[in-house]
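The values are calculated or read from the model by the stated rules, or taken from the named source; none is laboratory data. Given the structure is predicted, the values throughout are model-derived calculations rather than measurements. The protein model used for the area step is the full one, side chains on, heavy atoms only, and it has no ligands, DNA or RNA in it. Shrake-Rupley method; radii C 1.70, N 1.55, O 1.52, S 1.80 Å.
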Amino acid sequence: MIQAFIFDLDGVIVDTAKYHFIAWRRMANSLGFDFTEAQNEQLKGVSRKESLGLILEWGGVAKSEAEQEALATQKNEWYREYILQMDESEILEGVVPFLDAAEAAGLKLGLGSSSKNATAILQQIGLASRFGTIIDGNKHTRSKPDPEVFQLGASALGVAPSECVVFEDAEKGVDAAIAGGFTAVGVGGENLSHAHMVIPGFQSLTPQDVLVRLSSRAAQNL
Ligand code: G6P
Ligand code: MG
């Protein structure tokens, strides 16, 4: 019996991947190389430190720990210039009605994100008070595909992973949900076919649609 929904933020509630991409690219360009939008896909759900490691690897550039720290800080300053301009118009279509309906149906709502900027973004877009718990990148240490972020979210909401649906746009996020024993719904994105169910987005979708599709899938697997 599903009691709670836990949402990833970037790519599920807002499209911040474009801002991460611009800021990381600016950093890469300043070091004399570039990377593609397809490579950027691999950074979804991945922590800032690990993303930097991957990008430097793509550019064939080696940096000391201290230099990496400075580069990550610089990238984050550029990224924050974008996110501090965000407002509720950037909430992806259908998300607010979906949250409203889930709340009205008595489901508990949580947020589980690798981003240390998640709380600031939720405040910018006016959704910070909608979640019973917000587990952001400051509150956990093991990055997706480790399930820690969702486990902390479920325990803060007082539910078991088996009672919880996780909405994720990143391959590693779906991996994390499955590893933790959650039901995973892939949202848009690529390489999500291992999720229990995939949706293009939240437009015209109700929590009941999700629960019915999940339970008929579970029944077919019996
Ligand atoms: C999310 C995004 C990643 C990002 C990570 C850390 O998971 O999908 O692309 O690298 O958060 O974000 P932060 O805001 O802490 O740099
Ligand atoms: Mg995401």
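Inter-part distance, region 1-54 to region 116-172, computed on C-alpha centroids, equals 16 Å. Taking only the alpha-carbon positions of region 17-83 and ignoring solvent, what does the Debye formula give for the base-10 log of I(q)/I(0) at q = 0.20, 0.21, 0.28 Å⁻¹? For the requested q values the scattering log ratios are -0.73, -0.82, -1.55. Calculated mean residue ellipticity at 222 nm for the chain: -13500 deg cm²/dmol, from DSSP H runs with n ≥ 4 weighted as -39500 (n - 2.57), summed, divided by the residue count and rounded to 500. Among beta bridges from DSSP that stay inside the chain, the antiparallel ones total about 5%. With the convex hull of the Cα atoms taken as the outline of region 63-214, the averaged projected area works out to 9.6 nm².
Figure note: Glu148, Glu171, Glu93 ranked by solvent-accessible area, largest first, 1.4 Å probe, ligands and nucleic acids not counted: Glu93, Glu171, Glu148. Here the average projected area of the convex hull drawn through the C-alpha atoms of region 87-138 stands at 3.5 nm².
Based on protein heavy atoms only, the chain ends up with 46 Å² per residue of surface accessible to a 1.4 Å probe. Determine the share of the chain's accessible area contributed by carbon and sulfur atoms, expressed in whole percent, with a 1.4 angstrom probe. The value for the chain is 49 percent carbon and sulfur by accessible area. Computed from the C-alpha gyration tensor, the three semi-axes of the ellipsoid equivalent to region 128-168 are 15, 14, 9 Å, from longest to shortest.
Within the straight-line cut-off of under 20 Å between alpha carbons, the lysines reachable from Lys63 are Lys49, Lys75, sequence neighbours fewer than 8 places apart in one chain being disregarded.
In summary, the helical segments of the chain meeting the span-like criteria, namely a full DSSP H run, a Cα extent along the axis of 15 angstrom or more and a mean Kyte-Doolittle hydropathy of at least -0.5, are 48-59, 207-220.
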